[in-house]
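*Asks:* Please find one structure pasted underneath; my questions will follow.
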Amino acid sequence: MTAVYTLYELELAIATYPEQWRPLVLTNGCFDLLHVGHVRYLNAAKTYGKTLVVGLNSDHSVGQIKPHKAGSPPRPIIPETQRAEVIAALKAVDGVVIFNETTANHLIKTLKPDIYVKGGDYTLSTLPEAPTVQAYGGQIELVKIEISTSTSGIIEYISRNKL
């Protein structure tokens, strides 16, 4: 079932075969330079439901979320189609959908996941998607992964050391 979908294709698949998709878990992010923290996070997210869909920020939206810093390459490092293919190849992931917005609110309104998962660095009051999930009665889970690896840290290390 793992595949990269358009939002329309995914919406249709879920509506046509809800028993294959529900309870549906949705998470989202940039997932540029995939690392062990990402893998652990996605594995944890999958435990909340039957299927895990990852909303992947498009190249355009990553550029808006992670503005260019002097001395570092512009983000994303890896193009959206390649990031989507890598994420879709993970065992925990059942589907990937690329989206252009800086938040996942449109994805959430369209797919109405049973459970929306984000990292433990958020709280319900700082999570921009929380009101959208709460509006239809969805569940929100905040997952804390203890690891010091971050994509920004990797990029800074490479830039600093001219690797």
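*Asks:* For the subset of segment 51-79 comprising residues that are touching a Leu at 6+ places or on another chain (Cβ under 7 Å) and farther than 17 Å from Leu107 by Cα, which member is modelled with the lowest pLDDT?
*Replies:* Top of the filtered list is Ile77.
*Asks:* I'd like to verify a number: residues in segment 125-161 that are modelled with pLDDT of 95 or more and in contact with a helix residue (DSSP H, G or I) (Cβ under 9 Å, 6 or more places away or on another chain), how many?
*Replies:* 12
*Asks:* So which residues in segment 121-147 are of a type in the set (Asp, Glu) and over 10 Å from Ile108 (Cβ atoms)?
*Replies:* First, the residues of segment 121-147 that are of a type in the set (Asp, Glu): 121, 129, 141, 146.
Answer for segment 121-147, where residues must be of a type in the set (Asp, Glu) and over 10 Å from Ile108 (Cβ atoms): Asp121, Glu141, Glu146.
The values are calculated or read from the model by the stated rules, or taken from the named source; none is laboratory data. This is a predicted model, so every value here is computed, not measured. Heads up, the Cβs are rebuilt from the backbone with ideal geometry, glycines too, and the neighbour counts pull from every protein chain shown.
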